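Asks: Okay, handing you the structure first.
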Amino acid sequence: MLKDQDRIFTNLYGYESPSLESAKKLGSWNGTKKFLQMEPDKVTEEVKTSGLRGRGGAGFSAGMKWSFMPKTSPDGRPSYLVINADESEPGACKDRDILRYEPHRLIEGALIAGYAMRARAAYIYVRGEFYAEAMALQAAVDEAYAAGLIGRNACGSGYDYDIYVHRGAGAYICGEETALLNSLEGRKGMPRLKPPCFPAAMGVWGCPTTVNNVETIAVVPEIMRRGASWFSSIGRPNNAGTKIFSISGHVNKPCNVEEAMSIPLKELLEKHAGGVRGGWDNLLAVIPGGASVPMIPKSICDTVLMDFDALRDVQSGLGTASVIVMDKSTDLIKAITKLSKFYMHESCGQCTPCREGTGWLYRIMCRMVEGNAEIEEIDELWDLTKQIEGHTICALGDAAAWPIQGLIRHFRDEIESRIKEYKKSQAKKIGKAA
(Lines give C-alpha, C1' and ligand atoms only; values in the text may rest on other atoms or scores of the structure.)
Protein backbone atom coordinates (compact mmCIF):
# COMPACT_ATOMS: atom_id res chain seq x y z
CA MET A 1 0.00 0.00 0.00
CA LEU A 2 1.35 3.43 -0.95
CA LYS A 3 1.82 5.98 1.83
CA ASP A 4 0.37 9.42 1.22
CA GLN A 5 3.79 11.07 1.56
CA ASP A 6 5.10 8.88 -1.28
CA ARG A 7 2.51 10.00 -3.81
CA ILE A 8 3.90 11.81 -6.84
CA PHE A 9 0.67 12.91 -8.52
CA THR A 10 -0.86 14.97 -5.72
CA ASN A 11 -3.38 16.72 -8.00
CA LEU A 12 -4.51 13.73 -10.03
CA TYR A 13 -8.18 14.49 -9.36
CA GLY A 14 -7.96 18.21 -10.13
CA TYR A 15 -8.79 19.49 -6.66
CA GLU A 16 -6.19 22.21 -7.17
CA SER A 17 -5.61 24.45 -10.16
CA PRO A 18 -3.20 23.14 -12.85
CA SER A 19 -1.52 26.58 -12.88
CA LEU A 20 2.17 27.22 -12.29
CA GLU A 21 1.47 28.87 -8.94
CA SER A 22 -0.45 25.84 -7.71
CA ALA A 23 2.13 23.42 -9.13
CA LYS A 24 4.90 25.17 -7.20
CA LYS A 25 2.89 24.90 -3.98
CA LEU A 26 2.64 21.17 -4.61
CA GLY A 27 6.41 20.86 -5.06
CA SER A 28 7.01 21.17 -8.79
CA TRP A 29 9.94 23.26 -10.09
CA ASN A 30 11.70 22.94 -6.72
CA GLY A 31 15.47 22.70 -7.26
CA THR A 32 15.20 22.19 -11.01
CA LYS A 33 18.14 24.49 -11.75
CA LYS A 34 20.37 22.27 -9.59
CA PHE A 35 19.55 19.22 -11.73
CA LEU A 36 20.40 21.16 -14.89
CA GLN A 37 23.87 21.88 -13.50
CA MET A 38 24.70 18.22 -12.89
CA GLU A 39 26.56 16.12 -15.42
CA PRO A 40 23.89 14.85 -17.86
CA ASP A 41 25.12 11.28 -17.47
CA LYS A 42 24.63 11.50 -13.69
CA VAL A 43 20.98 12.41 -14.21
CA THR A 44 20.60 9.40 -16.50
CA GLU A 45 22.36 7.17 -13.99
CA GLU A 46 20.07 8.34 -11.18
CA VAL A 47 16.99 7.43 -13.25
CA LYS A 48 18.54 4.09 -14.17
CA THR A 49 19.36 3.33 -10.53
CA SER A 50 15.80 4.17 -9.48
CA GLY A 51 14.52 1.19 -11.46
CA LEU A 52 12.01 3.29 -13.40
CA ARG A 53 10.57 1.22 -16.24
CA GLY A 54 8.56 2.73 -19.08
CA ARG A 55 4.94 3.35 -18.11
CA GLY A 56 3.60 3.18 -21.66
CA GLY A 57 3.35 -0.60 -21.81
CA ALA A 58 6.71 -2.10 -22.78
CA GLY A 59 8.30 -1.67 -19.35
CA PHE A 60 11.83 -1.04 -20.64
CA SER A 61 14.31 0.67 -18.31
CA ALA A 62 13.91 4.43 -18.83
CA GLY A 63 17.49 5.25 -17.84
CA MET A 64 18.83 2.55 -20.13
CA LYS A 65 16.78 3.94 -23.01
CA TRP A 66 18.19 7.43 -22.40
CA SER A 67 21.74 6.07 -22.39
CA PHE A 68 21.35 4.96 -26.02
CA MET A 69 21.34 8.60 -27.11
CA PRO A 70 24.66 9.90 -28.57
CA LYS A 71 26.77 12.05 -26.25
CA THR A 72 28.26 14.07 -29.10
CA SER A 73 27.10 15.02 -32.57
CA PRO A 74 29.98 14.84 -35.09
CA ASP A 75 27.66 15.69 -37.98
CA GLY A 76 25.87 18.49 -36.15
CA ARG A 77 22.47 16.82 -35.92
CA PRO A 78 20.44 17.88 -32.85
CA SER A 79 18.80 15.37 -30.52
CA TYR A 80 15.15 15.40 -29.51
CA LEU A 81 12.83 14.06 -26.83
CA VAL A 82 9.38 13.05 -28.02
CA ILE A 83 6.68 12.42 -25.41
CA ASN A 84 3.92 10.03 -26.35
CA ALA A 85 0.58 11.43 -25.18
CA ASP A 86 -1.37 9.54 -27.86
CA GLU A 87 -3.21 7.53 -25.22
CA SER A 88 -5.56 5.39 -27.29
CA GLU A 89 -5.51 1.94 -25.68
CA PRO A 90 -9.09 0.92 -24.79
CA GLY A 91 -9.35 1.22 -21.01
CA ALA A 92 -6.46 3.69 -20.63
CA CYS A 93 -7.15 7.16 -19.22
CA LYS A 94 -4.19 8.04 -16.98
CA ASP A 95 -2.11 10.28 -19.26
CA ARG A 96 -5.02 12.56 -20.10
CA ASP A 97 -5.47 13.36 -16.38
CA ILE A 98 -1.78 14.19 -16.07
CA LEU A 99 -2.13 16.57 -19.02
CA ARG A 100 -5.28 18.08 -17.61
CA TYR A 101 -4.41 18.42 -13.93
CA GLU A 102 -0.63 18.02 -13.55
CA PRO A 103 0.89 19.47 -16.74
CA HIS A 104 3.81 21.14 -14.94
CA ARG A 105 5.08 17.79 -13.68
CA LEU A 106 5.29 16.68 -17.30
CA ILE A 107 6.93 19.92 -18.47
CA GLU A 108 9.53 19.86 -15.69
CA GLY A 109 10.19 16.18 -16.40
CA ALA A 110 10.60 16.93 -20.11
CA LEU A 111 13.19 19.59 -19.29
CA ILE A 112 15.22 17.33 -16.99
CA ALA A 113 15.00 14.33 -19.32
CA GLY A 114 15.94 16.44 -22.32
CA TYR A 115 18.96 17.79 -20.46
CA ALA A 116 20.04 14.26 -19.49
CA MET A 117 20.06 13.15 -23.12
CA ARG A 118 21.47 16.45 -24.45
CA ALA A 119 18.34 17.20 -26.47
CA ARG A 120 17.58 20.54 -28.09
CA ALA A 121 13.79 20.35 -27.71
CA ALA A 122 10.84 18.19 -26.70
CA TYR A 123 7.72 17.49 -28.74
CA ILE A 124 4.65 16.35 -26.82
CA TYR A 125 2.42 14.43 -29.22
CA VAL A 126 -1.17 14.65 -27.92
CA ARG A 127 -4.04 12.51 -29.16
CA GLY A 128 -6.39 14.53 -31.36
CA GLU A 129 -9.48 13.85 -29.27
CA PHE A 130 -7.81 15.32 -26.17
CA TYR A 131 -8.85 18.89 -26.94
CA ALA A 132 -9.26 20.14 -23.36
CA GLU A 133 -6.11 18.33 -22.29
CA ALA A 134 -4.07 19.85 -25.13
CA MET A 135 -5.33 23.32 -24.23
CA ALA A 136 -4.42 22.82 -20.55
CA LEU A 137 -0.97 21.58 -21.52
CA GLN A 138 -0.36 24.48 -23.91
CA ALA A 139 -1.42 26.96 -21.23
CA ALA A 140 1.10 25.39 -18.83
CA VAL A 141 3.85 25.50 -21.47
CA ASP A 142 3.11 29.19 -22.03
CA GLU A 143 3.33 29.80 -18.28
CA ALA A 144 6.68 28.01 -18.10
CA TYR A 145 8.06 30.11 -20.97
CA ALA A 146 6.82 33.34 -19.37
CA ALA A 147 8.48 32.41 -16.07
CA GLY A 148 11.79 31.58 -17.76
CA LEU A 149 11.59 27.92 -16.75
CA ILE A 150 11.98 26.71 -20.33
CA GLY A 151 13.24 28.33 -23.51
CA ARG A 152 16.52 30.25 -23.58
CA ASN A 153 18.55 29.88 -20.38
CA ALA A 154 15.99 27.52 -18.86
CA CYS A 155 15.67 28.06 -15.10
CA GLY A 156 18.74 30.31 -15.28
CA SER A 157 20.95 27.29 -15.91
CA GLY A 158 22.44 28.34 -19.23
CA TYR A 159 20.68 25.45 -20.98
CA ASP A 160 18.41 26.35 -23.94
CA TYR A 161 15.41 24.06 -24.34
CA ASP A 162 12.10 24.38 -26.15
CA ILE A 163 8.89 22.38 -25.67
CA TYR A 164 6.25 22.10 -28.39
CA VAL A 165 2.73 20.66 -28.15
CA HIS A 166 1.75 18.75 -31.29
CA ARG A 167 -1.76 17.38 -31.79
CA GLY A 168 -2.32 14.17 -33.71
CA ALA A 169 -5.44 13.13 -35.58
CA GLY A 170 -6.54 10.25 -33.38
CA ALA A 171 -5.10 7.11 -34.99
CA TYR A 172 -4.36 4.26 -32.55
CA ILE A 173 -1.32 3.20 -34.56
CA CYS A 174 0.37 6.54 -33.75
CA GLY A 175 0.82 5.28 -30.21
CA GLU A 176 3.61 3.12 -31.65
CA GLU A 177 6.76 5.19 -31.35
CA THR A 178 7.99 5.09 -34.94
CA ALA A 179 4.48 5.62 -36.36
CA LEU A 180 4.25 8.60 -34.01
CA LEU A 181 7.50 9.98 -35.45
CA ASN A 182 6.16 9.63 -38.99
CA SER A 183 3.00 11.47 -37.99
CA LEU A 184 5.03 14.19 -36.28
CA GLU A 185 6.91 14.70 -39.56
CA GLY A 186 3.62 15.07 -41.43
CA ARG A 187 3.67 11.60 -42.93
CA LYS A 188 1.12 8.80 -42.69
CA GLY A 189 1.24 7.14 -39.27
CA MET A 190 2.88 3.84 -40.21
CA PRO A 191 5.59 2.06 -38.17
CA ARG A 192 9.19 2.00 -39.36
CA LEU A 193 11.39 -1.07 -39.57
CA LYS A 194 13.79 -1.51 -36.66
CA PRO A 195 16.57 -1.98 -37.68
CA PRO A 196 17.64 0.28 -39.27
CA CYS A 197 15.29 2.95 -37.88
CA PHE A 198 16.05 2.80 -34.17
CA PRO A 199 14.95 6.25 -32.95
CA ALA A 200 18.08 6.80 -30.82
CA ALA A 201 20.13 6.68 -34.02
CA MET A 202 17.66 7.96 -36.62
CA GLY A 203 14.42 9.29 -35.21
CA VAL A 204 12.37 12.37 -36.01
CA TRP A 205 13.74 14.23 -39.07
CA GLY A 206 16.59 11.73 -39.14
CA CYS A 207 17.95 12.94 -35.78
CA PRO A 208 18.65 11.00 -32.59
CA THR A 209 15.37 10.76 -30.69
CA THR A 210 14.00 9.15 -27.55
CA VAL A 211 10.27 8.49 -27.27
CA ASN A 212 8.85 8.17 -23.74
CA ASN A 213 5.38 7.92 -22.25
CA VAL A 214 3.80 10.84 -20.36
CA GLU A 215 3.82 9.11 -16.96
CA THR A 216 7.44 7.97 -17.41
CA ILE A 217 8.62 11.55 -17.89
CA ALA A 218 6.29 13.06 -15.28
CA VAL A 219 7.79 11.04 -12.40
CA VAL A 220 11.41 12.01 -13.18
CA PRO A 221 11.48 15.29 -11.19
CA GLU A 222 10.39 13.53 -7.99
CA ILE A 223 12.99 10.82 -8.51
CA MET A 224 15.63 13.53 -8.77
CA ARG A 225 14.32 15.40 -5.72
CA ARG A 226 13.84 12.41 -3.43
CA GLY A 227 16.55 10.15 -4.79
CA ALA A 228 16.72 6.87 -6.67
CA SER A 229 16.74 4.83 -3.44
CA TRP A 230 13.38 6.29 -2.40
CA PHE A 231 11.73 5.31 -5.69
CA SER A 232 13.32 1.86 -5.80
CA SER A 233 12.14 1.14 -2.23
CA ILE A 234 8.52 1.11 -3.43
CA GLY A 235 7.25 -2.11 -4.99
CA ARG A 236 9.32 -5.23 -5.71
CA PRO A 237 12.83 -5.51 -7.18
CA ASN A 238 12.73 -4.86 -10.93
CA ASN A 239 9.19 -3.51 -10.48
CA ALA A 240 9.91 -0.31 -8.60
CA GLY A 241 8.03 2.88 -7.89
CA THR A 242 4.50 4.15 -7.99
CA LYS A 243 2.05 3.55 -10.83
CA ILE A 244 -1.23 5.07 -11.94
CA PHE A 245 -3.86 2.36 -12.40
CA SER A 246 -6.96 3.08 -14.51
CA ILE A 247 -9.80 0.90 -13.21
CA SER A 248 -12.98 0.53 -15.27
CA GLY A 249 -15.74 -1.97 -15.95
CA HIS A 250 -17.80 -3.80 -13.36
CA VAL A 251 -16.56 -2.11 -10.20
CA ASN A 252 -18.51 0.15 -7.87
CA LYS A 253 -16.19 3.15 -8.23
CA PRO A 254 -14.23 3.32 -11.51
CA CYS A 255 -11.19 5.53 -11.02
CA ASN A 256 -7.61 6.50 -11.71
CA VAL A 257 -5.43 5.90 -8.67
CA GLU A 258 -1.73 6.10 -7.92
CA GLU A 259 -0.54 3.07 -5.99
CA ALA A 260 2.63 1.14 -5.28
CA MET A 261 3.77 -1.28 -7.94
CA SER A 262 3.20 -4.92 -7.00
CA ILE A 263 0.00 -4.26 -5.06
CA PRO A 264 -2.26 -7.36 -5.18
CA LEU A 265 -5.00 -6.95 -7.78
CA LYS A 266 -7.72 -7.87 -5.27
CA GLU A 267 -6.50 -5.23 -2.80
CA LEU A 268 -6.30 -2.62 -5.58
CA LEU A 269 -9.92 -3.19 -6.62
CA GLU A 270 -11.38 -3.45 -3.14
CA LYS A 271 -9.49 -0.54 -1.62
CA HIS A 272 -9.81 2.01 -4.43
CA ALA A 273 -12.64 0.90 -6.74
CA GLY A 274 -15.18 -0.17 -4.14
CA GLY A 275 -14.79 -3.82 -5.09
CA VAL A 276 -16.36 -5.84 -7.88
CA ARG A 277 -20.01 -5.17 -8.55
CA GLY A 278 -21.93 -7.87 -6.67
CA GLY A 279 -18.93 -8.90 -4.59
CA TRP A 280 -15.60 -10.57 -5.30
CA ASP A 281 -17.24 -13.95 -5.97
CA ASN A 282 -19.14 -12.33 -8.85
CA LEU A 283 -15.86 -11.67 -10.67
CA LEU A 284 -15.42 -13.54 -13.95
CA ALA A 285 -12.23 -12.14 -15.50
CA VAL A 286 -9.96 -9.11 -15.64
CA ILE A 287 -7.93 -7.58 -18.44
CA PRO A 288 -5.12 -6.17 -16.26
CA GLY A 289 -3.16 -3.94 -18.62
CA GLY A 290 -5.41 -2.43 -21.25
CA ALA A 291 -7.22 -4.13 -24.12
CA SER A 292 -4.06 -5.45 -25.78
CA VAL A 293 -3.08 -7.95 -23.04
CA PRO A 294 -4.64 -11.37 -22.39
CA MET A 295 -7.40 -11.59 -19.81
CA ILE A 296 -6.98 -13.61 -16.62
CA PRO A 297 -9.74 -15.53 -14.78
CA LYS A 298 -10.82 -15.00 -11.17
CA SER A 299 -8.69 -17.91 -9.96
CA ILE A 300 -5.56 -15.97 -10.96
CA CYS A 301 -6.98 -12.60 -9.90
CA ASP A 302 -7.30 -13.88 -6.33
CA THR A 303 -3.55 -13.72 -5.74
CA VAL A 304 -1.79 -12.00 -8.66
CA LEU A 305 0.37 -8.91 -8.08
CA MET A 306 0.08 -5.87 -10.32
CA ASP A 307 3.54 -5.54 -11.80
CA PHE A 308 5.43 -6.40 -14.98
CA ASP A 309 6.94 -9.71 -13.86
CA ALA A 310 4.02 -11.16 -11.91
CA LEU A 311 1.59 -10.63 -14.78
CA ARG A 312 4.09 -11.94 -17.32
CA ASP A 313 4.37 -15.11 -15.24
CA VAL A 314 0.61 -15.71 -15.61
CA GLN A 315 0.79 -15.14 -19.39
CA SER A 316 -0.63 -11.62 -19.33
CA GLY A 317 0.97 -8.19 -18.91
CA LEU A 318 0.86 -4.93 -16.96
CA GLY A 319 0.75 -2.91 -20.18
CA THR A 320 -0.66 0.53 -19.42
CA ALA A 321 -2.10 -0.74 -16.09
CA SER A 322 -5.61 -0.14 -17.40
CA VAL A 323 -7.64 -2.66 -15.41
CA ILE A 324 -10.86 -3.74 -17.13
CA VAL A 325 -13.08 -5.72 -14.75
CA MET A 326 -15.74 -8.13 -16.02
CA ASP A 327 -18.29 -9.79 -13.76
CA LYS A 328 -20.39 -12.88 -14.42
CA SER A 329 -22.92 -10.92 -16.46
CA THR A 330 -20.31 -10.42 -19.19
CA ASP A 331 -20.45 -12.25 -22.50
CA LEU A 332 -16.68 -12.71 -22.78
CA ILE A 333 -16.83 -13.93 -26.37
CA LYS A 334 -18.76 -10.83 -27.42
CA ALA A 335 -16.42 -8.56 -25.43
CA ILE A 336 -13.32 -9.93 -27.15
CA THR A 337 -15.09 -9.69 -30.53
CA LYS A 338 -15.52 -5.96 -29.94
CA LEU A 339 -11.80 -5.66 -29.29
CA SER A 340 -11.11 -7.63 -32.49
CA LYS A 341 -13.18 -5.13 -34.44
CA PHE A 342 -11.19 -2.28 -32.91
CA TYR A 343 -7.83 -3.75 -33.92
CA MET A 344 -9.08 -4.57 -37.41
CA HIS A 345 -10.19 -0.96 -37.81
CA GLU A 346 -6.96 0.52 -36.43
CA SER A 347 -4.49 -1.60 -38.41
CA CYS A 348 -2.45 0.65 -40.68
CA GLY A 349 -2.39 -2.09 -43.33
CA GLN A 350 1.37 -2.09 -43.85
CA CYS A 351 1.98 -5.72 -42.79
CA THR A 352 0.07 -8.54 -44.47
CA PRO A 353 -0.39 -10.68 -41.32
CA CYS A 354 -2.01 -7.74 -39.54
CA ARG A 355 -3.90 -6.26 -42.49
CA GLU A 356 -5.47 -9.57 -43.50
CA GLY A 357 -5.28 -11.44 -40.20
CA THR A 358 -7.16 -8.94 -38.06
CA GLY A 359 -10.09 -9.12 -40.46
CA TRP A 360 -10.04 -12.91 -40.32
CA LEU A 361 -9.97 -12.83 -36.52
CA TYR A 362 -12.95 -10.49 -36.37
CA ARG A 363 -15.06 -12.44 -38.84
CA ILE A 364 -14.39 -15.74 -37.07
CA MET A 365 -15.11 -14.17 -33.69
CA CYS A 366 -18.44 -12.84 -35.01
CA ARG A 367 -19.45 -16.43 -35.73
CA MET A 368 -18.13 -17.59 -32.36
CA VAL A 369 -20.42 -15.08 -30.61
CA GLU A 370 -23.41 -16.73 -32.23
CA GLY A 371 -21.93 -20.23 -31.94
CA ASN A 372 -22.11 -20.72 -35.69
CA ALA A 373 -18.80 -22.57 -35.91
CA GLU A 374 -17.17 -25.95 -35.48
CA ILE A 375 -15.23 -27.04 -32.39
CA GLU A 376 -12.17 -27.56 -34.59
CA GLU A 377 -12.24 -23.88 -35.54
CA ILE A 378 -11.15 -22.92 -32.04
CA ASP A 379 -7.75 -24.47 -32.72
CA GLU A 380 -7.69 -22.86 -36.16
CA LEU A 381 -8.40 -19.50 -34.52
CA TRP A 382 -5.52 -20.08 -32.08
CA ASP A 383 -3.19 -20.98 -34.97
CA LEU A 384 -4.23 -17.82 -36.80
CA THR A 385 -3.31 -15.66 -33.78
CA LYS A 386 0.10 -17.33 -33.74
CA GLN A 387 0.57 -16.53 -37.44
CA ILE A 388 -0.04 -12.85 -36.65
CA GLU A 389 1.80 -12.60 -33.31
CA GLY A 390 5.46 -11.68 -33.77
CA HIS A 391 5.18 -11.37 -37.55
CA THR A 392 4.48 -7.65 -37.90
CA ILE A 393 6.66 -4.53 -37.84
CA CYS A 394 4.99 -3.22 -34.69
CA ALA A 395 3.08 -4.79 -31.80
CA LEU A 396 -0.44 -4.09 -33.11
CA GLY A 397 -0.50 -7.63 -34.48
CA ASP A 398 0.35 -8.96 -31.02
CA ALA A 399 -2.30 -6.70 -29.50
CA ALA A 400 -4.93 -8.17 -31.82
CA ALA A 401 -3.87 -11.73 -31.10
CA TRP A 402 -3.41 -11.71 -27.32
CA PRO A 403 -7.00 -10.97 -26.18
CA ILE A 404 -8.23 -13.93 -28.25
CA GLN A 405 -5.44 -16.13 -26.90
CA GLY A 406 -6.46 -15.21 -23.35
CA LEU A 407 -10.08 -16.10 -24.11
CA ILE A 408 -9.17 -19.51 -25.57
CA ARG A 409 -6.59 -20.25 -22.86
CA HIS A 410 -8.95 -19.69 -19.95
CA PHE A 411 -12.49 -19.90 -21.34
CA ARG A 412 -12.36 -22.48 -24.13
CA ASP A 413 -15.19 -24.38 -22.47
CA GLU A 414 -17.49 -21.36 -22.90
CA ILE A 415 -16.74 -21.20 -26.62
CA GLU A 416 -17.37 -24.92 -27.01
CA SER A 417 -20.61 -24.65 -25.02
CA ARG A 418 -21.81 -21.79 -27.26
CA ILE A 419 -21.13 -23.87 -30.38
CA LYS A 420 -22.95 -26.90 -28.95
CA GLU A 421 -25.97 -24.78 -27.96
CA TYR A 422 -26.14 -23.32 -31.45
CA LYS A 423 -26.10 -26.77 -33.03
CA LYS A 424 -28.91 -27.91 -30.72
CA SER A 425 -31.02 -24.87 -31.59
CA GLN A 426 -30.48 -25.46 -35.30
CA ALA A 427 -31.40 -29.11 -34.94
CA LYS A 428 -34.66 -28.12 -33.18
CA LYS A 429 -35.50 -25.69 -36.00
CA ILE A 430 -34.94 -28.37 -38.60
CA GLY A 431 -37.04 -30.82 -36.59
CA LYS A 432 -39.93 -28.38 -36.36
CA ALA A 433 -39.68 -27.59 -40.07
CA ALA A 434 -39.85 -31.30 -40.91
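The values are calculated or read from the model by the stated rules, or taken from the named source; none is laboratory data. Owing to the predicted nature of the structure, the values given are computational and were not obtained by experimental measurement. Backbone-built Cβ (ideal geometry, glycine too); neighbour counts: all protein chains shown. Accessible surface is based on the protein model in full, side chains and every heavy atom, while ligands, DNA and RNA are left aside. Shrake-Rupley method; radii C 1.70, N 1.55, O 1.52, S 1.80 Å.
Asks: Pairs to check: LYS334/LYS420; LYS328/LYS420; LYS65/LYS188; LYS65/LYS386. Give those whose C-alpha atoms are more than 22 Å from each other in this structure.
Replies: Check vs 22 Å cut-off fails for LYS65/LYS188; LYS65/LYS386.
Asks: At a 1.4 Å probe radius, which order do LYS338, LYS25 fall into by accessible area, largest first? Please report the intermediate quantities before stating the final value.
Replies: Numbers: LYS338 140, LYS25 160 Å².
Largest to smallest exposure gives the sequence LYS25, LYS338.
Asks: How large are Rg and Dmax for region 266-313 when only the alpha carbon atoms are used, in Å?
Replies: 10.6, 30
Asks: Additional query: Cα atoms only: what Rg and Dmax, in Å, come out for region 238-380?
Replies: When restricted to Cα atoms, region 238-380 yields Rg and Dmax of 16.4, 47 Å.
Asks: What angle do you read, to the nearest 10 degrees and between 0 and 90, between the alpha-carbon axis of helix 332-346 and the longest principal axis of the chain?
Replies: Approximately 50 degrees, to the nearest ten.
Asks: So what is the orientation-averaged projected area of region 1-145, using the convex hull of its C-alpha atoms, in nm²?
Replies: Working: hull surface 40.2 nm².
Computed as one quarter of the Cα hull surface, the answer is 10.0 nm².
Asks: Any lysines with Cα under 24 Å of the LYS24 Cα? List them, leaving off those in the same chain fewer than 8 positions away.
Replies: Filter leaves LYS3, LYS33, LYS34, LYS94, LYS243.
Asks: Against the globular-protein guess of 2.2 N^0.38 Å, express the Cα radius of gyration of region 135-243 as a ratio, rounded to two decimals.
Replies: 1.30
Asks: Counting heavy atoms of the protein chains only and a 1.4 Å probe, report the per residue accessible area for region 21-155 as a whole number of Å².
Replies: Roughly 39 Å² per residue, with all protein chains present.
Asks: Further, regarding this structure: Which residue, chosen from GLY397, ASN372, GLY274, occupies the Cα position most advanced towards the positive end of the dipole of the chain, where the dipole is computed from +1 (Lys, Arg) and -1 (Asp, Glu) charges on Cβ about the Cα centre?
Replies: ASN372
Asks: While we're here: Quick one, what does Rg over Rh come out to for region 208-279 if you take C-alpha atoms and the Kirkwood Rh?
Replies: In region 208-279, Rg relative to Rh is 1.07.
Asks: Expressed as an acute angle from 0 to 90° and rounded to the nearest 10, what is the orientation of the C-alpha long axis of helix 352-370 relative to the principal long axis of the chain?
Replies: Once rounded, one gets 50 degrees.
Asks: Give a quick list of chymotrypsin sites (Phe, Trp or Tyr not before Pro) in region 22-108 that DSSP marks as loop, anything other than H, G, I, E or B, with at most 14 other Cβ atoms within 10 Å. Spell out each step's value before the answer.
Replies: Details: sites: TRP29, PHE35, PHE60, TRP66, PHE68, TYR80, TYR101; in loops: TRP29, PHE60, PHE68.
Answer in residue order: PHE60, PHE68.
Asks: Report, in debye and to the nearest 20, how large the dipole of region 247-389 comes out about its Cα centre when Lys and Arg carry +1 and Asp and Glu carry -1 on their Cβ. Could the numbers behind the result be given before it?
Replies: Details: 14 positive and 21 negative charges, 105 e Å.
Magnitude of the dipole: close to 500 debye.
Asks: Right, another one. Looking at region 261-344 from every direction and averaging, what is the projected area of its Cα convex hull in nm²?
Replies: Mean shadow area of the hull around the Cα atoms is 5.3 nm².
Asks: OK, next. Roughly speaking, what % of Cα-Cα pairs in region 1-63 are separated by over 13 Å, rounded to a whole number?
Replies: Working: 1459 of 1953 pairs.
When every Cα pair of region 1-63 is considered, 75 percent fall beyond 13 Å.
Asks: In whole Å, what are the Cα extents of region 72-195 along the three principal axes, biggest one first?
Replies: 41, 38, 20
Asks: Compute the angle between helix 376-388 and the longest alpha-carbon principal axis of the chain, please, reported from 0 to 90 degrees and rounded to the nearest 10.
Replies: 20 degrees
Asks: Dipole size in debye (nearest 20) for region 136-283 around its Cα centre, Lys and Arg Cβ +1, Asp and Glu Cβ -1?
Replies: That gives region 136-283 a dipole magnitude of about 280 debye.
Asks: If you project the alpha carbons of region 107-158 onto their three principal axes, what span does each projection cover, largest first, in Å?
Replies: 36, 23, 13
Asks: Could you tell me what % of all Cα pairs in region 343-434 have separations over 24 Å?
Replies: Percent of Cα pairs beyond 24 Å in region 343-434: 29.
Asks: What accessible area, in Å² to the nearest ten, does a 1.4 Å probe give for ILE300?
Replies: 40 Å²
Asks: Now, a different point. Can you tell me the dipole magnitude for region 32-104 around its Cα centre, using point charges on the Cβ only (Lys, Arg +1; Asp, Glu -1), in Debye to the nearest 20?
Replies: Its charge dipole is roughly 180 debye.
Asks: Just name one of ILE296, LEU2, THR358: the one whose Cα is farthest towards the positive end of the charge dipole of the chain (beta-carbon charges, Lys/Arg +1, Asp/Glu -1).
Replies: Going by the charge dipole, the pick is THR358.
Asks: How large, in percent, is the carbon and sulfur part of the accessible surface of region 71-135 at a probe radius of 1.4 Å?
Replies: Details: 990 of 1960 Å².
Percent of accessible area from carbon and sulfur atoms in region 71-135: 50.
Asks: Radius of gyration and Dmax for the chain's Cα atoms, expressed in Å?
Replies: So, for the chain, Rg and Dmax equal 22.9, 89 Å respectively.
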